[in-house]
Amino acid sequence: MRPLVVQFEGFSTFRDATEVSFGDSDLVAFVGSTGSGKSSIIDAITFALYGSVARYGDARLVAPVINQSANEARVRLDFEVAGRSYVAVRIVRRTKTGASTKEARLELLDPSESESPVLATGAKEVTEAVEALLGLDFTQFTRTVVLPQGDFAEFLKDDPASRQKLLRRLLDLEVFSRMGVLARDRAKEAGQKAEVLESQIARHEDITPAVLTAAKKRVSALVGFVGVATDHLAALAEVDEKLAALRTEVGVIDSDIELLGQVLVPDELMGAGETPALARTALDEVRQALTLVRSRQADAEAEAHQAGDVRTLEAQLVASQRLAVLATDVADVEAEHSAAVSAEAAAADTVTASLAQAETALETLARARSGADAAVWTSSLEPGEPCPVCRQTVTDLPDHDPSAELRAAEATATAADKELKANQKALTEVTAAAARLGARLEERRRERQAAEAALDGAPDNIEERLTAAKAAAAGVADVVAELKTAEQAVVVAERRLSEAEKAERHLRTAFGQQRDALASLGPPVADGRSLVDDWQALAAWATAASETRTKARVEVAERGKATAAEKKTIMEAVDSLAAPLELDPDPSQLTQTMARAQATAEAEVVRVSERLEEIELWRAEVTKLNETKTVNETLGRQLSASGFERWLLEEALDDLVARASVRLRELSSSQYSLAAENGVFLIIDHNNADEPRDVRTLSGGETFLASLSLALALADSIAELAPVDAPRLGSMFLDEGFGTLDGETLDVVASAIEELSASGRLVGIVTHIEAL
């Protein structure tokens, strides 16, 4: 990392906007009196990158970076890493409880882009992005790039674990850890693949060269069986043709016997069933009876019509009876309604009189109240003095009690109002009763009108006419029942005639069909005069013909037994050949069975051959994978933290100590050099018999020389030992620490710093020593 420009405002001792440009300088010095802000410039660089300042102790504190007379601090750092330019910006603002970072961002300054790509925003996110970009966290950065005031000797006095962690990060030794992990992963993957292949090989343990030999033998045996079995199948085909012909002949004879056995004279032909002639006679008789009933029906219906409609007469009788009842009801309701109307008029008169009394009482009450109001002035009246109301001279004082008159008037008015309300309530009740009676009267009158309308055109002797009408209606019902019975008898007779004719047709049709079925066998000719005689002659002929064909069937069956014995001999020969080959000897499927068996056997030869080749390939692959597993397991162990990485760290630390010792001997006039034992730095005092002692026993000046030697050596070592993609320490800042050096040592230190800057690295120092 190499800083280019740092800008800040309201930061530390700088209230106003300030800019420091490093340009192409390789060696810079910040000089000035104590408190002038020399260290604050380096703090601004650190804060822009990590949001922390080393000399404030707690990395979370941001309030101290704000100038005491400002509300916020702004810092912007333009810097370069690996040839690419970046800008880091942080803004800190005061709050009620301290301060907080209000804005933080990291951008890539790409000239080809119109806007700089933002790599991260937010205080924590920017810090994490900077750590990834530089390869150093805040603590490591202040150990190697920026050596803050007071912390210059931290790396020298660090514990071995922290020092090794820093060296591992600077030298990018994590690559060996990653390589170790990758090697172990590859070993695991190769082992898993080998296990899978070995399980596949185990699943095919039944595939052996012996299996292949057996499969080939079966193919040869099947080829030989096909030739012999083909001849037997040809002989079986001839035998089957003979058997088929015999079965056909037997079938024809059985068919003839079956047809002949079906010739039987029907029982209904020989019984005493009804003939069509008898059925026709019965039908004529019931038809004549039906005609007589229909004539009687016409007479009965005419008589019923003359007597009148039963339902109409019944309704008229009910209306007549209802009218007699309504006559009395209407008279009673009219009397009640008239009395209610009279009562309503009387109640209305009473209310009118009560209303007049109430009005009179209210007028009297009003006069009494006026008198009572006027009586107020009587207390101030004096004879001979003018009245305060009318201004006339008072001669006599009034002698009465207006309050008693007022109370009496009020009591009269209250009683009159109460009586009025009671009379009004009574009027309401008698009015409602009169209305109800009026409605009831109207309803009865409507019912009377309806009954009178129903009797319009009714005869005088309704009950007698109703009795005669019911008797006529019953006579019609009886005749109708008789008619239904006669009609049903006609239907039954017609059906019996139809069934008799149908039965005769069916029997003749059945005889014709049975004789036609035997036409090929030469049945006797029917003369058609008697169905019974024709059918009996056909049955006798069928019995004789059936006996002849039964004898012929016995002879054909004997020939079939001989042919079946011949087929059995051939089948036994086929079975004896198929059994060793485990084949189904069914002749109907034997050709396909042989073809499938031969194809299956040949496919098995191919399958076993291919599988054996595949198993050999799997075994070769397993050998290769086991070799890969062994190599990567060995590599994984070697690249563990306790293996190659530890050796490399020890070598790097030895190299660092050797380089630092050379620098320290130069800076200390050959008095001191450095050594390392179990990761702990020791100082070798050559002026005291090369006595090794702890670096913590050095004086302030000696500590500065040793720390500077170590820092310079660290810079050289990192440049030479780190891999290509390890973080490059492109700059170094030394904050104070020179005050403890004498003039001669100061010259040596200055020369070392100049030499360091000449290597292409920016070196900045903070000092108040004018000579430096």
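The values are calculated or read from the model by the stated rules, or taken from the named source; none is laboratory data. What you are looking at is a predicted structure, and each value in this text was computed from that prediction instead of being measured. Cβ sites come from the backbone with ideal geometry, for glycine too, and all protein chains shown count toward neighbours. Note: accessible area is taken over every heavy atom of the protein model, side chains too, but ligands, DNA and RNA are not part of it. Shrake-Rupley method; radii C 1.70, N 1.55, O 1.52, S 1.80 Å.
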Set the bar at 22 Å for Cα to Cα. Now go through Lys124/Lys157; Lys193/Lys629; Lys193/Lys624 and name every pair that lies beyond it. Lys124/Lys157
How many angstrom lie between the C-alpha centres of segment 2-26 and segment 413-431? 110 Å
Collect residues whose amide H, placed 1.01 Å from N in the peptide plane, falls under 5 Å from the amide H of Val766; neighbours closer than 5 in sequence don't count. Phe30, Leu734, Asp735, Glu736
Check cross-link reach from Lys425 to the aspartates and glutamates: straight Cα distance under 20 Å, and skip same-chain residues fewer than eight apart. Glu344, Asp349, Glu359, Asp417
Cleavage-rule hits (trypsin sites (Lys or Arg not before Pro)) in segment 30-72: DSSP loop, at most 15 neighbouring Cβ within 10 angstrom: Arg60
Long-range amide H partners of Leu682, meaning residues 5 or more apart or on another chain whose placed amide H is closer than 5 Å, are Ala675, Ala676, Glu677
Tell me whether segment 1-148 comes out rounded, prolate or oblate; compute the Cα gyration tensor, take square roots of the eigenvalues as a ≥ b ≥ c, and use a/c under 1.5 as the rounded threshold. rounded
Residue-by-residue Karplus 3J(HN,Hα) for segment 558-564, coefficients 6.51, -1.76, 1.60, Hz, glycine and proline x: 5, 5, x, 4, 5, 5, 5
Can you tell me the relative contact order of the chain? Whole percent, Cα pairs under 8 Å, sequence separation 6 or more. 23 percent
Cα-based Rg (one decimal) and Dmax (whole number) for segment 410-454, in Å? 19.7, 67
Nearest-ten-degree value, helix 700-721 long axis tilted from longest Cα axis of the chain: 60 degrees
For every helix of n ≥ 4 consecutive DSSP H residues, a contribution of -39,500 (n - 2.57) applies; sum these over the chain, divide by its total residues, and give [θ] at 222 nm rounded to the nearest 500 deg cm²/dmol. -23500 deg cm²/dmol
Rounded to a whole number, what % of the accessible area of the chain do carbon and sulfur atoms account for, probe 1.4 Å? 52 percent
Three-way shape label, the chain, alpha-carbon gyration tensor, a/c 1.5: oblate
Radius 11 Å from Cβ of Glu405, net charge of other residues (Lys, Arg +1; Asp, Glu -1): +1
Going by amide H atoms built from the backbone, whose H comes under 5 Å of the H on Phe11, apart from near neighbours? Asn67, Arg74
What are the ³J(HN,Hα) values, in whole Hz, obtained from phi via the Karplus relation 6.51 cos²θ - 1.76 cosθ + 1.60 with θ = phi - 60°, for each residue of segment 234-244 in sequence order, with x given for Gly and Pro? 5, 5, 4, 5, 5, 4, 5, 5, 5, 4, 5
Expressed per residue, the solvent accessible area of the chain in Å² (1.4 Å probe) is about 57 Å²
Rg/Rg_ref, segment 338-449, where Rg_ref = 2.2 N^0.38 Å and atoms are Cα: 1.93
